1. Evaluate the following for residue 57: is it surrounded by 14 or more Cβ atoms within 10 Å (Cβ to Cβ), in contact (Cβ under 8 Å) with a residue 60 or more places away in the chain and under 23 Å from residue 117 (Cβ atoms)?
2. So, of the residues in region 130-145 that are in contact (Cβ under 8 Å) with a residue 40 or more places away in the chain and surrounded by 12 or more Cβ atoms within 10 Å (Cβ to Cβ), which turns out to be nearest to the chain's Cα centre (by Cα)?
3. Are any residues in region 28-46 farther than 16 Å from residue 131 by Cα and surrounded by 16 or more Cβ atoms within 10 Å (Cβ to Cβ), and if so, which ones?
4. Touching a strand residue (DSSP E or B) at 6+ places or on another chain (Cβ under 6 Å) and over 21 Å from residue 129 (Cα atoms), is that true of residue 56?
5. Do we have any residue at all in region 34-53 that's over 18 Å from residue 123 (Cα atoms), part of a strand (DSSP E or B) and at pLDDT below 95?
6. Based on what the data block shows, is residue 25 in contact (Cβ under 8 Å) with a residue 24 or more places away in the chain and surrounded by fewer than 15 Cβ atoms within 10 Å (Cβ to Cβ)?
7. Picking from 84, 5, 63, 16, which residue would you name as being more than 26 Å from residue 124 (Cα to Cα) and modelled with pLDDT of 95 or more?
8. Just one of (1) more than 15 Å from the chain's Cα centre (by Cα); (2) under 30 Å from residue 130 (Cβ atoms); (3) at pLDDT below 95 trips up residue 22, so point out which.
């Protein structure tokens, strides 16, 4: 096993690179991930194990994000918390003024996403992807790819 230090933001990006991206509102597949590519079964196994670890970290980040939303947000009609980007009518300032609480939330969340965390993973030899033909780019995942060892 190997370890790498990634920013929490990179955990989000790696999740997208592995699993793809779906529009939460429409359910439309915006991009496919590396796991949907035609790969050797052993490579897919280790990618799946990596994706599980990334999912756990992403859930932890989302939990902290929810805490920040509760800290800076207000209860909405459905009983949940939300933060408006702009101040609404009836506030002291005009409608098109950015909500200072949103800016505080955004700044604190950015600080969190810039924190680094160690990720333990099985290195992926470049030869495992030799036959892969893809139009996609996987910049964070590429950090986990190693050159094949010479005999």
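1. Yes, satisfied.
2. Among those residues, the one meeting the criterion is 140.
3. 33, 46
4. no
5. No, region 34-53 contains no residue that is over 18 Å from residue 123 (Cα atoms), part of a strand (DSSP E or B) and at pLDDT below 95.
6. no
7. Going through 84, 5, 63, 16 in turn, just one is more than 26 Å from residue 124 (Cα to Cα) and modelled with pLDDT of 95 or more: 63.
8. For residue 22, the exception is condition (1).
The values are calculated or read from the model by the stated rules, or taken from the named source; none is laboratory data. None of these values were measured; they are calculated from a predicted model. Here Cβ is always computed from backbone atoms with ideal geometry, including for glycine, and neighbour counts include all displayed protein chains.
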